[in-house]
Each structure stands twice: as C-alpha cells, then as structure tokens.
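These notes are about the structure you will find just below.
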Amino acid sequence: MAAGNNNPSIITPWRKIIHIDMDAFYASVEQRDNPSLRGKPVAVGGSRQRGVVAAASYEARRFGVHSAMPSITAARKCPGLLFVKPRFEVYRQVSEQIREIFFQYTDLVEPLSLDEAYLDVTHNKQSVALATEIARKIRAEIKQQLNLTASAGISYNKFLAKIASDYQKPDGQFLIHPQHALAFIDKLPIYKFFGIGKVTAGRMLQRGISNGAELRSHELTDLIKWFGKSGNYYYHIARGTDDRPVTPDRERKSISTESTFDTDLTGSAEIREHVHQIAVELLQRMQKKNICGRTLTLKVKYADFRQITRSRSQSQCIRDDETLLQLAVELTTEILPPPMGIRLLGLGISNLNTPTATAGVQLTLDF
C-alpha cells in the first residue's frame, strides 16, 4: 500500500531503502518455540512481582502491556499475562539467520538491533525490479524458514522507510513513494516522526507544530534557535530529505540453517538422516554465497528446550562436500543416543573467509 497524492520527486536519483522490523520479536520467538504460549498474552522478562518487560506479544499489547513497563504494572493490566525468561542467545542466533536472508539480496545491511535493519537495494543481487517485491520476498522467506513475521517500510531514504514499516504492522508492508512523500509528511503527526521524542514533541506542540506541514513552515534559523543542533535535522526531514547512507557495521560471522520438527526425533537413524539433509542445505547456501569457513557447529534443542552445541574446527577452510559431511557425521555421533527427544537440529559454519563481492544490478526508478 502506498501513501497518496502527487508531488514532484524529492531527490534524483532515488535510492531504494527498506526497513525491516520483526513483529514482537522476542515474544514471537518464544511463542514459536513453545506451542503452549501461542495465542496467549506473553511478556518476555521480569516476573509478576518484579522486573521490567523486555518485550510483549500482540495479545499482551491489546491490554496496554509494552516493553520497558514495570512487570507489576503489566500484570495488573493483564491478569492472565504469562512471564517468560528471555533467551538472548537464541534471539541472537535467529537474528543472524534473518540477516542471512537479507544478504541474499544485498550486502548493504545496517542492523539497528537484533530485530530491525535497513537495507539499501538500489542495486540488488537477484535483479528484482521493484523494492516492494524484494521486501515481499524477504518477508515470505522469513515466514517460511523461521516461522516468524516481519513488517517492512519502503522509501527513498532511511527516515521515511523507518516510519513506513510501522504502518501495516504486524506482517505487512507500506510504501512511501518519492512522488507522494511531501503529502504524506504534511499529514504526519509530529509525535510519529522518527527522531522526535515525547519531550520534544511536547515543546513543538507548544509552538503550534502538530504535523509535518506546520514543521516545514518554519525557517531553519528558528528551528535551530528553539531546538539546538537537532533543528537542522527537523528542518530537512520535514522536506523529505535524509541523505544518511545505509552503512553495514559488521561482517558476516556465520551461516547457519536449522529445522524444527513437529514430532521429537528419538531414533539414531532418523537423527543422522536429518543432519545430513541440513548439511546439504548448508552447503548449497555456502556455494551460493561463495563462502567457506573453518568451524562447523551442530546445534541440538531437546524436548525440554535445553540446548547444546558441538563444534569441529579445521586448519583449512571447509570448501568441499566430503569434508563438511564427514564433520557433520562426527558431530552427530557425539550426541547419540539422545537422552530425550530432539525438537530442533541445526548446522552452522563460522570463522568465515571474505566472500567475493557480487556485482549489483541497476534497478529501474519504479518502486
């Protein structure tokens, strides 16, 4: 869905920026991994008597529960609220898997946190013509591979993409086209501007600035006088101008793939078979990205949600099928026979080499 009305294009040439924001990320991971939590109000972090909510499921948000809220307040608002201890190692692992999906389309990925990132797809690896289609594909792959939902905002700069990602939540996407941007900004309430907090929004309201059009009506000198250096930022975003590039801040550290099973695995033969299938999938991803690594790690999650890992490292980069498959067999042998049923198996390759850059393809000006 796109913002309406016609205006001249804001900048030329247009960049194509996507902001991906996972939906209730921590809580959604917990509901995914524990079926008894699905459809119920869940708070990650804290307890009924103490602590602070780190994340809330959408079922909990309907009662007014939100992150950073004292747990005792959250419990009062939602008597049936279920508190779950956070598993940040798991969230980090899932976040890495999500970023691997991003890297299938572009290397210009700027993570903001574990659950959101900017992507510059002005040039993309798969020759997809529209940024909206790339966003749709990414969201579909996250749903298919990880059983989680994401929302996306698409526009020509980071400021507008960030705002757009919140407009069709959860599990949706929203486009702010360059030709429609000023009309969208004009109507945008000042408290919805990314970078304008509650205190500043209150000060703006005192000066009669309640939306983008009223913000744009003021001169730069006045905004700087009222709001200091931030006035320069407010002046430009009111005009749809944000030249900040998408800047990757870390190299890829690993590639991984995993499977969660509807029925716990107990037999050694079926466990070996599934590990082999996962190893083949990992090899395909490594070959597709022209990446190799020195360490192979097997991840196992048991029926009681206890998780273990086993690793093997080589002095040389693991490139060939035979070596990786043999290491996978050795790692599997270490966990057999299982002490209880296995609900998840995964394999990851780390200590990566630097991948060969993939040439980008120029997109059209259509979004």
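The values are calculated or read from the model by the stated rules, or taken from the named source; none is laboratory data. Since we're looking at a predicted model, the values are computed, not measured. With ideal geometry, Cβ positions are generated from the backbone for all residues, glycine too; neighbour counts draw on all protein chains shown.
When the criteria are applied in full, Val65 meets the requirement of being modelled with pLDDT of 95 or more, of a type in the set (Val, Ile, Thr) and over 20 Å from the mean Cα position of the chain (by Cα).
In region 110-188, counting only helices (runs of 4 or more DSSP H) that sit wholly within it, the ones holding 2 or more residues that are farther than 15 Å from Phe367 by Cβ, within 13 Å of the chain's Cα centre (by Cα) and outside the structural domain of Gly212 (by TED's automatic domain parsing) span 131-146.
For (1) surrounded by 14 or more Cβ atoms within 10 Å (Cβ to Cβ); (2) of a type in the set (Asp, Glu); (3) closer than 15 Å to Met286 by Cα, each residue gets a yes or a no:
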position: Arg310; (1), (2), (3): yes, no, no
position: Ser315; (1), (2), (3): no, no, no
position: Arg319; (1), (2), (3): yes, no, yes
position: Glu322; (1), (2), (3): no, yes, yes
position: Leu331; (1), (2), (3): yes, no, no
position: Pro339; (1), (2), (3): no, no, no
position: Arg343; (1), (2), (3): yes, no, no
position: Gly348; (1), (2), (3): yes, no, yes
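In this structure, Asp243 does not qualify as of a type outside the set (S, T, N, Q), loosely packed, with under 13 Cβ neighbours inside 10 Å and in a strand (DSSP E or B).
Look at region 261-275 and say how many of its residues are part of a strand (DSSP E or B) and acidic (Asp, Glu). So the answer is 2. The set of residues in region 164-186 being in contact with a helix residue (DSSP H, G or I) (Cβ under 7 Å, 6 or more places away or on another chain) and under 22 Å from Gly231 (Cβ atoms) consists of Ala181, Ile185, Asp186. Among residues of region 317-346 that are assigned by TED's automatic domain parsing to the domain that holds Leu282, those with a beta-carbon under 8 Å from a residue that is among the acidic types (Asp, Glu) at least six positions away or on a different chain give the pairs Met340/Asp264; Met340/Asp304; Gly341/Asp264; Ile342/Asp264; Arg343/Asp264; Leu344/Glu258; Leu345/Glu258; Gly346/Glu258.
Scanning region 109-127 for residues that are of a type in the set (A, V, I, L, M, F, W, C) and in contact (Cβ under 8 Å) with a residue 40 or more places away in the chain yields Val109, Leu114, Ala117, Leu119, Val121.
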